[in-house]
Each structure stands twice: as structure tokens, then as C-alpha cells.
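The values are calculated or read from the model by the stated rules, or taken from the named source; none is laboratory data. The structure displayed is predicted, hence computed values, not measured ones. Glycine also receives a Cβ, built like all others from the backbone with ideal geometry; neighbour counts cover every protein chain displayed.
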Amino acid sequence: MAEDHITSLLKESRQFSPSAEFAARAHVSSMARYEEIYAHAVRDPDGYWAEVARELRWTKPFTKVLEWEAPFCKWFSDGRLNVSDNCLDRHLEGPRRNKAALIWEGEPGDVRTLTYLQLHREVCRFANALKRLGVCKGDRVCLYMPMIPELAISMLACARLGATHSIVFGGFSADALRDRILDADAKLVVTADGGHRRGGVVALKDAVDEAITQCPAVQRVVVVRRTGSKVAWKEGRDLWWDEALSGVSADCPAEPVDAEHPLFILYTSGTTGRPKGVVHSTGGYLTQVASTTRMVFDLGDEDVFWCTADIGWVTGHSYVVYGPLANGATSLMYEGAPNFPGLDRFWDIIERHRVSIFYTAPTAIRTFIRWGEEHPTKHDLSSLRLLGTVGEPINPEAWMWYHANIGGGRCPVVDTWWQTETGAILISPLPGATPTKPGSATRPLPGIVPAVVDKEGRPQPPDKGGFLVIERPWPAMLRTIYRDPDRYRAQYFSQIEGKYFTGDGARRDTDGYYWLMGRIDDVLNVSGHRLGTAEVESALVSHDLVAEAAVVGRPDEITGQAVVAFVTLTSGTIPSDEVKHDLTEHVAAQIGKFARPAAIRFADALPKTRSGKIMRRLLKEIAGGSSAQGDTTTLEDISVLAKLREDEE
């Protein structure tokens, strides 16, 4: 772990309060109300979480709340419930039965809408199909699929049976898929003949065929017909989705499971060596995901909620499927890329489907900036009432662009902080209550007690950077690393004794607002200053000519590390030595002379995963003089990396 605190030098003074109109109808309508709820949760955490959990439907009510034997916890352990029942069945008893649960749009433009009644029927049918194929409570099922309704149906069908699903992002290679199937010991795989992406076809079934040659536990493979691509076939093992459903009943009662029953295993991206399977429970996870969806997004019955994340990542699990459906909301799913067939695809979708809540990644926002504001301008975005960001810290200028050009200056922006391991949002504004500061995740949600500490675990004073930890357990937290409790203990609870170590740097300002400063692993040590990459990147992006930037370090004999910046310029800006000079001086003015980039490299695009995260590991390899030979299976566009390699040569 890093040896010292992190220097925080970037300041932001702009502030935006919720409008009186928005606050009047919000679930939490003032800071006074937020403070009241937060104080109650601090005083009586068991009482607070019990109240929240009882908003779900329990087959057997719980009497225990938290059992904590650090670092392992159990929440509501003597209660029983079913996630599929809470996301579907309980909405069928009123007017929501005929309300749209999922609105899905494929990249080619095909659209499907499933009401709660229709989705319930499809989930029950596929759950019965899984039973017929030998899937039982406690089995693991691997889902390797495009963003199609059958993916959500498969998740909910597994949950209905008490089978644990393991979703592997459709961008992973056959080798990565194999490792995850083996680690989970999955007995059945659900996939598709392919998926649409940027006008091409992603060959999913081919990857499955290659992967499972080394996965003896896999007995059956169910394949959705999506693209019509010709695929290899193994009789007796492979089965088309529609054939699996042939003659299957739509009557499938939900199987009650213990609250601590594992709902899913999710392998974190970018793993090397043995995959790291994060295990999430049933009762605690759904409690917090349902409550944060309602509270953070101020979710109402009339909303159309669009989280742009792929379901292969935790954001898609929590805020495309489980959170919205547990609240009886309408969730929009989109299969393809944001720039196909045109750069305005997202804004076209928002206009046509009248999306009211839009939740996307800062890297996507910076890409939209580079493409130009003329693309959202030509669409009617008046249906939007709330914007959100997720995935990594958002720099203030991207926040301002998002607020002005997508939200029309009227939509609150909720900048959310959380992780695969946390399961649900932990730090975020409440849109009807919290005055927002561009670039800050603001205050912790009720029931969450974070702190910024030094390496000894001592709290840092306001505006001094340190390590972000969480001091108390929360219901949606990971329970363990699958089949590796020692790794769980070592990675998350050995760094700062007794506290969950997030791996993120942060500072807390005098108003109690949290500012994320990037991953501890990415902290730069320049001339004795430990700088968070997020602050240097934010300084660069605050320049009018910069659309996006990623900063990494390379070894330097004099300064310890030198700052290397990969920069994407705004549309129409021509790279030049003069621009490089302007940018280095701009960083010096914003942060300090010691933070000046030693090198600035211009790039048409930065290497990102399909979840929108910049792969700084690859940039670090390039900056250090290697050719970036590490794992690239999650890259959105491999040609971006090839171009960077060419430029290096």
C-alpha cells in the first residue's frame, strides 16, 4: 500500500442547489431531511436497515439484522425471500402488471417492450426450462450474452430457482470465459449465436465452444437466435432457446431462499491469474439496490430509467435489472454502441423513448464532448429530469457540459461512487436535497460511514488526501471472494485494520463532501508529492482544447515518476507543439509546476472497456516503453491500442 497521504491541490467552488420544483416532489426533499435520516442510521443502524429491508416482500420475516464477525457479515440471516418474486410477482397484484418493465432496443433498430406480466411469464417459462435441463437450487449458471431481453430473463429465472448466476461480459475472450466458468464450476451456459456491435457481429457461440472444451462440468449450452449467424453445433449438448422453451409451462412458483444465499458471482474486470469472483447475497444486496435506486434517482412510477451500462458489469446488474425492477420501474436496455449508425444514437433513443433518467459514465460524457454538442442539440431531450454518472471520478468541466448540454441546465446531476464489491451506491447526492459541486460525489448515503485516513488508519483533516475506507458493514457488500476467503480478507480488510479498504484515494472538504482522486495503484509520486491521477486529468480537461485525458506515470531518475498525459483534443483542434506547451503550462497554473506533464501524447481515442473505463494499465505500459502486451480482451476498440503502438514506433 502507498506510504503517505495523497496531495490534493485542485479546487472547485461552483455549487448548484436543487430547484424548488424538483425538491417539492422528491423522495428526500431537503438537506434537513437527509441529515435527519442519516443521523438516525448512525444512531441505530440495525433499526434503519431493518426498516429499509421490510420494504421488500419476505417469505419468512427476519428477526436478526446484522451479524458481524470481521471481516465476514450476515444480514437478515434468518429471513427468506426470492429476488425474482420481489422484481416481478409482487407487481402483478396492481396496475403495474400491464406497465412496461423493459423497453429494449437493438443496435439495428428493432424494439421490444415487455410488461411486468409478460416478463413474468417469460421468466417462469425459462426457469422451468432450466429445471428440465437439470439446474437446481445452488447450482451455478454462466450467462455470456449480448444486451438482449433474454439476458435479463435468464438472470431472473436463475434467481427464481435459487441458482447462482455468473454473468461474463460478452467482450471477454474465450480464455477469460473459460477461467470464469471453471472457477464458478458452472454446469450450464446460456449464450447467443452472436450480438450486434458497431454494425458487426460479436461471435459469442464460437467463444463458448472454444472455452468449454476445457470445462468438463458444463453439461448443456442454451443458445438464443439473435443475429442468424451460422454456428457450430454439438448434438446432445447445445440447444436453441426456443426449443428449450417448447412445451414448457408458464407456472413456476419462486423458490424461497435464505437471505444469505448467493444471488450471483461477478468476476471483476482486468483480472490476471486466477479470476476474482465477487460473491453477492440475496437479501442484503436487494435491500440496498432497491433503496438506492429509489433514493438516488428519485425514481417514480412514471419514469423511464436508462442506465447505459452493459449487464456484464455490476452497474448493469444493479441499475439495469434488479434495482429498477424491484421498484416496479420501466428500465431501458440498448444493445449496441453509442455511435452507430450515427454519433447521435443515444440522444435519438432518449427522444423516441422519452427517457427521464439517464445514467452513464464520465468517459462516455467526455467522448460526447469530443463529438460536439451539435449532436444532442438536434434532438428533443426535454423528457430528461435527472442525470447520473458512474464508473470513475468526473472532472468538473465534463460535469458542467453534461449539466448544460444534456440536462439543459435544469436537471440535477447525481455523481455516484461505488464498486463491484459494494454492490450498490454508497456516496451520492440526493437530487432533491443535496447542493452539488461539479466533480464531487458529495455526501454518503444513510447507513454508510466512510472516512479518509492515512496509512495508520488515522482520520485526515478536511481537504487532505488519503485512503477512502468504509467503517461499518452495509447490506449489499460482497460476502467473500468465491472459494478464496483468505484473498477476501487480505485484499479488503488487512490494509486498514477493521475497515473496508476501497483502494481509492479521496479527500473530504469542509462541507463533508467527498472528492475521489483515483485508484491508489494509479497515484503518481512526483518530486515527493503523491498526486491522484484524477486531479491531473481534471486540470487538463478544464482546458478548452481538451476533450479527454488519461494520466499515467513512468520512472524518472530525478523526480521519481514523470507525468505522461494521453490527450484527446476537441473536434477541429490540430495537435502541435504549441498546444503541448499551452497544456503543460495550464497544468502548472492549475496544480503546480511540479505536476507539469513531462510528455503529452495526442490520441484520436483512448483505450477503454465497453463499460467506459480507461485502461490506464495499457497506457502505463506504453508510457514506460513497452508495447502493451497485457490482457486486452475487454477493450471496446482494439484499433485504438494499435494506433497508439504505431505512434510510439
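Pairing each residue of the stretch 390-418 that is closer than 22 Å to His543 by Cα with any residue that is among the aliphatic types (A, V, I, L, M) and in a loop (DSSP other than H, G, I, E, B), provided the two are 6+ apart or on different chains, yields C-beta distances under 6 Å for Asp415/Ile394; Asp415/Ala441.
Matching residues to (1) assigned by TED's automatic domain parsing to the domain that holds Arg370; (2) within 25 Å of Gln15 (Cβ to Cβ); (3) surrounded by 23 or more Cβ atoms within 10 Å (Cβ to Cβ); (4) free of Cβ contacts under 8 Å to residues at least 12 places away in the same chain:
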| position | (1), (2), (3), (4) |
| --- | --- |
| Arg508 | no, yes, yes, no |
| Gly518 | no, yes, yes, no |
| Ala539 | no, yes, yes, no |
| Leu545 | no, no, no, no |
| Gln561 | no, no, no, no |
| Ser571 | no, no, no, no |
| Asp577 | no, no, no, yes |
| His581 | no, no, no, yes |
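Taken as a whole, the structure leaves Arg80 outside the set of residues that are of a type outside the set (A, V, I, L, M, F, W, C), free of Cβ contacts under 8 Å to residues at least 40 places away in the same chain and farther than 22 Å from Leu245 by Cα. Taking the criterion of being at positive phi and under 27 Å from the mean Cα position of the chain (by Cα), the only residue of the stretch 112-142 that qualifies is Gly138. Among residues of the stretch 182-210 that are in contact (Cβ under 8 Å) with a residue 24 or more places away in the chain, those with a Cβ under 7 angstrom from a residue that is among the charged types (D, E, K, R) and assigned to a strand (DSSP E or B), sequence gap 6+ or separate chain, pair up as Ala184/Arg140; Asp185/Arg140; Ala186/Arg140; Lys187/Arg140; Leu188/Arg220.
Restricting attention to the stretch 127-152, the residues that are surrounded by fewer than 24 Cβ atoms within 10 Å (Cβ to Cβ) and closer than 21 Å to Arg90 by Cβ total 3.
Give the stretch 140-163 a look and list any residue that's in contact with a Gly (Cβ under 9 Å, 6 or more places away or on another chain) and in a strand (DSSP E or B), or say none. Answer for the stretch 140-163, where residues must be in contact with a Gly (Cβ under 9 Å, 6 or more places away or on another chain) and in a strand (DSSP E or B): just Leu143. I'd like to check something: does the stretch 299-306 contain any residue that is within 30 Å of Arg617 (Cβ to Cβ), under 17 Å from the mean Cα position of the chain (by Cα) and in contact (Cβ under 8 Å) with a residue 12 or more places away in the chain? Looking through the stretch 299-306, at least one residue is within 30 Å of Arg617 (Cβ to Cβ), under 17 Å from the mean Cα position of the chain (by Cα) and in contact (Cβ under 8 Å) with a residue 12 or more places away in the chain.
To keep it simple, each residue is scored yes or no on (1) more than 15 Å from Arg507 (Cα to Cα); (2) in contact with a strand residue (DSSP E or B) (Cβ under 8 Å, 6 or more places away or on another chain).
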residue	(1), (2)
Ala364	yes, no
Lys378	yes, no
Gly388	yes, yes
Pro396	yes, no
Asn405	yes, no
Val413	yes, yes
Ile427	no, yes
Ala441	no, yes
Leu445	yes, yes
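Looking across the stretch 53-77, the residues that are within 30 Å of Ser494 (Cβ to Cβ) and surrounded by 13 or more Cβ atoms within 10 Å (Cβ to Cβ) come down to Ala53, Lys64, Val65, Leu66, Glu67, Pro71, Phe72, Cys73, Lys74, Trp75, Phe76, Ser77.
For the stretch 164-219, filtering for residues that are in a loop (DSSP other than H, G, I, E, B) and surrounded by 19 or more Cβ atoms within 10 Å (Cβ to Cβ) leaves 11. Ala589 passes every criterion in (1) buried (at least 22 other Cβ atoms within 10 Å of the Cβ); (2) within 12 Å of His543 (Cβ to Cβ) apart from (1).
Determine whether Val567 is outside any loop (DSSP other than H, G, I, E, B) and modelled with pLDDT under 90. Against the criterion (outside any loop (DSSP other than H, G, I, E, B) and modelled with pLDDT under 90), Val567 does not qualify. Here Glu456 meets the list (1) at pLDDT 95 or above; (2) more than 30 Å from Arg385 (Cα to Cα) almost entirely, failing just condition (1). Candidates Asp251, Asp238: the one that is surrounded by fewer than 16 Cβ atoms within 10 Å (Cβ to Cβ) and of a type in the set (D, E, K, R) is Asp251. Residues that are touching a Phe, Trp or Tyr at 6+ places or on another chain (Cβ under 8 Å) and either outside the structural domain of Val278 (by TED's automatic domain parsing) or outside any strand (DSSP E or B) (or both) within the stretch 69-85 comprise Ala70, Pro71, Phe76, Ser77, Asp78, Gly79, Val83, listed in sequence order.
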